[in-house]
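None of the figures in this text is laboratory data; all of them are computed from the coordinates on show. Bear in mind the structure is a predicted one, so any value in this text is a computation, not a measurement. Quick reminder, even Gly has a Cβ in these numbers, built from the backbone with ideal geometry, and neighbours come from all protein chains shown.
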Amino acid sequence: MIRIALIGAAAAGLLLSGCADTGHYGYGGRGYGYSNSGNYVWYDGYYGSYNDGYWNGDAFFYSDGRGGYARDSNGHFRRSHFKGSQRYNWHAH
């Protein structure tokens, strides 16, 4: 019985390790897009033109233009308007 519990715990650990945040997501690692404020994001243009992106919890992941997604860790994408920002639509992935 203990052996089955240990195997189950090991399997759960392996499955959850796939949820680690590396800060960059390619096509195979997309998160779930959702927002409490509708399907839009406010962006100040810091990384260049906006092409695509999604919310994953409190983090916004934007298209890096090379087929992957990078995490905005500097607050250039937000859920509400801020000075110098424009509103863009995003789509759930």
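Before moving on, here are some points about what is shown:
- Within segment 46-72, backbone nitrogen closer than 11 Å to the virtual label 7 Å beyond the Cα of H91 toward Cβ: 52-53
- Scanning residues 5 or more positions from D64 or on other chains, those with amide H under 5 Å from its amide H are Y69, A70, with H placed 1.01 Å from N in the peptide plane.
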